[in-house]
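The values are calculated or read from the model by the stated rules, or taken from the named source; none is laboratory data. Worth saying up front: this structure is predicted, and the values here are computed from it rather than measured. Cβ placement follows ideal geometry from the backbone for every residue including glycine, while neighbour counts extend to all protein chains displayed. All accessible areas refer to the heavy atoms of the entire protein, side chains included, with ligands and DNA or RNA removed. Shrake-Rupley method; radii C 1.70, N 1.55, O 1.52, S 1.80 Å.
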Amino acid sequence: MTRAPLLLVRADAGRAIGTGHVMRGLALAQAWQDAGGEARFALAPHAEPMAARLAAEGMTVMPVRGGGSADDAADTTELARRLGAHWVAVDGYGFGHRYQAELRRSGAGVLCVDDGARVDGYAADVILDQTLDADPAAYAHAPPGTRLLLGTEYALLRREFRQWAKPARVEPAVATRVLVTVGGSDPLNASSALLRALATLGRPGLEVRVVVGPANPWLVELQSLAAALPLAVSLCTAVTDMPGLMSWAHLALTGAGTTCWELLRMGVPMLTVTVADNQDGIAAALAAAGAALHLGGHAALGSGDGASRAAERIALVLDDVTLRQRLAERGRSLVDGHGAERVVEHLTSALVDTR
């Protein structure tokens, strides 16, 4: 019997970098499985908390040394060779030119997932940049013949988002359900700042749900804050139905990371806050495209004036049904949920030389 083609995903997660790289890899791996392939993950020790989630999705997790080091590259290359991987997908800013060049020695094709050309160089067969303003010129120094998959039509969304088929949402005249989701780790505790801003609105009917990701170190503080604020707050941990949670919300307050593409797919109006330098471009592009409003950086939320301005903007969107409808419609036009399938089609159709 012919062996199913194998995809090896190399990505990491942690408090400093969040969980977005691994979750994108999961979306790609699910689409690969759905196309009849086999998928496995290579994780460094510090990303081990994500192993249970991946195992629940039917993914085999295998250990490698981390940090994008030469040892890491050697481990992953040997693993790909031993498994007979057809493709290795790397997602993380430490997996640059030297790392990719080493991977090519395994005989597998190499896919580099990047955001705005942040990796230090490329030796990959395919580069994927799912950001809204992905620019081919940014990858002009990639090797000749490298295939570029650019833009939100290639946004990597997990199976539950691809398969979501419930009727389009109806926007209420006044929004009362707010989702706060700042990523898998929220290292700066932007969730607390957003909760305090919401509390200043003085709206008794407001319901708030806060997603507390697996790498979030602030759970105890968030529990204390939720109990102290004059606000109906629920903390959501170990979320297994993110599309359902997003569908519940009338408005999302979100970090400008990978969750934005999920919210666009679900047609949830959103306001973004940046909690890392690599999110500035995403927030600006979403605002320019009319798909989101931007609250600014995390630091601004901590000041009196910044918190007041954020609260005013949140109130504006809560009360403006026309604006929320416009944001939702624009979002759905940008992300249809089938980006991972398109990427898999490119990988399976590509001719990979035997090296």
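Determine the gain in length on full extension of the stretch E78-A165; use 0.36 nm per residue of separation and subtract their C-alpha separation, reporting nm with one decimal.
Numbers: separation 87, 0.36 × 87 = 31.32 nm, distance 4.11 nm.
That pair, E78 and A165, stretches by 27.2 nm at full extension.
Please give the direction-averaged projected area of the C-alpha convex hull for the chain, in square nanometres with one decimal. Please list the in-between numbers first.
On the way: hull surface 68.9 nm².
If I average the Cα hull's projected area over directions, I get 17.2 nm².
Just going by the charge dipole of the chain, with Lys and Arg at +1 and Asp and Glu at -1 on Cβ, which of L225, G92, A285 is farthest out on the positive end?
L225
Suppose we keep just the alpha-carbon trace of the range 217-350; what are its Rg and Dmax in angstrom?
Using the Cα atoms of the range 217-350, the pair Rg, Dmax is 16.5, 56 Å.
Take every DSSP beta bridge whose two residues both sit in the range 1-141, then give the antiparallel share in percent to the nearest 5.
On the way: 1 of 24 bridges.
Antiparallel: roughly 5 percent of the beta bridges in the range 1-141.
Once you list every other residue whose beta carbon is under 12 Å from the beta carbon of G66, what net charge do they have if Lys and Arg are +1 and Asp and Glu are -1?
On the way: positive: R10, R65; negative: D12, E48, D71, D72, D75.
Taking every Cβ under 12 Å from that of G66, the sum is -3.
A228 versus T146, label points 7 Å from Cα toward the beta carbon: distance in nm?
With each label point 7 Å from Cα toward Cβ, the separation is 4.9 nm.
Keeping all protein chains in position, work out how much accessible area Y99 exposes to a 1.4 Å probe, and write it in Å² to the nearest 10.
Y99 exposes around 10 Å² with every protein chain in place.
Relative contact order, percent, of the range 235-353 when contacts are C-alpha pairs under 8 Å separated by at least 6 residues? Can you show the working numbers first?
Numbers: 131 pairs, mean separation 30.7, N = 119.
Value for the range 235-353: 26 percent.
Just the number, please: carbon plus sulfur as a percent of the accessible area of the chain, 1.4 Å probe, no ligands or DNA/RNA counted.
Details: 7540 of 14470 Å².
Of all accessible area on the chain, carbon and sulfur atoms account for 52 percent.
Express the relative contact order of the chain as a whole percentage, based on alpha carbon pairs under 8 Å and six or more residues apart in sequence. Numbers along the way, then the final one.
Values: 720 pairs, mean separation 60.6, N = 355.
About 17 percent, as a whole number.
Could you give the length gained by full extension between E207 and L316, i.e. 0.36 nm per residue of separation minus their alpha carbon distance, to one decimal place? Working shown, then result.
On the way: separation 109, 0.36 × 109 = 39.24 nm, distance 1.66 nm.
Contour length minus Cα-Cα distance gives 37.6 nm.
Which percent, nearest 5, of DSSP beta bridges in the chain are antiparallel? Don't skip to the answer; put the middle values down first.
Working: 1 of 51 bridges.
Around 0 percent of the beta bridges assigned by DSSP in the chain are antiparallel ones.
May I ask which residue of G121, L156, T131 lies farthest towards the positive end of the charge dipole of the range 112-163, with charges of +1 (Lys, Arg) and -1 (Asp, Glu) on Cβ and the Cα centre as origin?
Looking along the dipole axis, the top candidate is L156.
Compute the accessible area per residue over the chain, keeping the other protein chains in place, probe 1.4 Å, unit Å². Before the final figure, lay out each step's value.
Details: 14470 Å² over 355 residues.
Value for the chain: 41 Å² per residue.
List the trypsin sites (Lys or Arg not before Pro) in the range 80-157 that DSSP assigns to loop (not H, G, I, E or B) and whose Cβ has at most 14 other Cβ atoms within 10 Å. Which are they?
Working: sites: R81, R82, R98, R104, R105, R118, R147; in loops: R105, R118.
In loop regions of the range 80-157 (DSSP not H, G, I, E or B), the sparsely surrounded trypsin sites (Lys or Arg not before Pro) are R105, R118.
Sorted by accessible area (1.4 Å probe), largest first, how do R265, R162 line up?
Working: R265 45, R162 20 Å².
My answer, sorted largest first, is R265, R162.
May I ask you to evaluate 6.51 cos²θ - 1.76 cosθ + 1.60, the Karplus curve with θ = phi - 60°, for each residue of the range 265-270 and list the ³J(HN,Hα) values in order in whole Hz, giving x for glycine and proline?
4, 7, x, 9, x, 9
Mind checking the full-extension length gain between D336 and R309? Use 0.36 nm per residue of separation minus the Cα-Cα distance, one decimal, nm. It would help to have the intermediate numbers written out before the result.
Details: separation 27, 0.36 × 27 = 9.72 nm, distance 3.24 nm.
Once the chain is fully extended between D336 and R309, it gains 6.5 nm.
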